[in-house]
Amino acid sequence: MKNLKERIVEISQYLQHLMEPAVFPEVQSAVEKKDKDLLIEVCKKIKMPGIYISVIVPLLLSVSPDQIKWPFQY
């Protein structure tokens, strides 16, 4: 069984894969349209395990563009 640290690292790696030029336009389109099915298909395309799909998809769909600003301010 993987510990929390290992799972966080793996989730981070899959999020990085979603930033790759080959799939990022699809990810961006799916998030803008709030298209869960398209986002799941993109995750499957990069061979993301189902356990992480069920974590990452709702997370990405719940973040509005207004919340994403850099640098982060707490």
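Observations on the model:
- Which numbered condition residue 74 fails, given (1) surrounded by fewer than 16 Cβ atoms within 10 Å (Cβ to Cβ); (2) modelled with pLDDT of 95 or more; (3) not in a helix (DSSP H, G or I): (2)
- Region 1-14 residues that are more than 13 Å from residue 55 (Cα to Cα), paired with ones that are surrounded by 11 or more Cβ atoms within 10 Å (Cβ to Cβ) (beta carbon under 8 Å, 6 or more apart): 2/10
The values are calculated or read from the model by the stated rules, or taken from the named source; none is laboratory data. All values reported here derive from a predicted model rather than from experimental measurement. We place every Cβ from the backbone using ideal geometry, glycine too, and count neighbours over all the protein chains shown.
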